[in-house]
């Protein structure tokens, strides 16, 4: 039995907690702040998915992208995949790219910054300021209610 989907409130609370931890790490000079900033953005876009009325209209989803389905609002993996039955499942990155192109580049860069810190040699040439700016762009779009598909 899988856990019930998160609520908007839970997503936003987790995003705020991740940002707070990230800010503390940034102040300490620790590049792991980028991981926290990414997850703060991740939880915020998850809240946007839950609030976005397009997921309540399967026909509207198909107009936007033939593979989008209402259950994609509950995506948890970063990247989509084809399951054993050949059914395409969207990942969060895919849904952001399709529904929220205005912040897709910033969101994907945040994800890649997180990957660089977690699995590669760290941020390297990625400037701290660019991570912060990408985070601010995603969060700002959510706060301005721009993460709802028109």
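The values are calculated or read from the model by the stated rules, or taken from the named source; none is laboratory data. Since the structure is predicted, the reported quantities are computational estimates derived from the model, not experimental observations. With ideal geometry, Cβ positions are generated from the backbone for all residues, glycine too; neighbour counts draw on all protein chains shown.
Taking the condition buried (at least 17 other Cβ atoms within 10 Å of the Cβ) and farther than 22 Å from residue 116 by Cβ, does residue 26 pass? Quick ask: steps written out before the conclusion?
Details: buried (at least 17 other Cβ atoms within 10 Å of the Cβ): yes; farther than 22 Å from residue 116 by Cβ: no.
No.
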Of these, 1, 90, which one is crowded, with 20+ Cβ neighbours inside 10 Å, out of contact with any strand residue (DSSP E or B) (no Cβ under 7 Å at 6 or more places or on another chain) and at pLDDT below 90?
-> 90
Which residues, taken from the range 96-132, are in contact (Cβ under 8 Å) with a residue 12 or more places away in the chain and assigned to a loop (DSSP other than H, G, I, E, B)?
-> 100, 122, 123, 126
Among what's in the range 66-78 and is modelled with pLDDT under 90 and in contact with a helix residue (DSSP H, G or I) (Cβ under 6 Å, 6 or more places away or on another chain), pick the residue that is surrounded by the most Cβ atoms within 10 Å (Cβ to Cβ).
-> 75
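Only one of 98, 126 is surrounded by 13 or more Cβ atoms within 10 Å (Cβ to Cβ), at pLDDT below 95 and either within 19 Å of residue 35 (Cβ to Cβ) or touching a strand residue (DSSP E or B) at 6+ places or on another chain (Cβ under 6 Å) (or both). Can you tell me which?
Working: 98 fails: either within 19 Å of residue 35 (Cβ to Cβ) or touching a strand residue (DSSP E or B) at 6+ places or on another chain (Cβ under 6 Å) (or both).
Answer to the selection: 126.
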Going by the structure shown, is residue 15 more than 15 Å from the chain's Cα centre (by Cα), closer than 28 Å to residue 125 by Cα and either buried (at least 18 other Cβ atoms within 10 Å of the Cβ) or modelled with pLDDT under 95 (or both)?
-> no
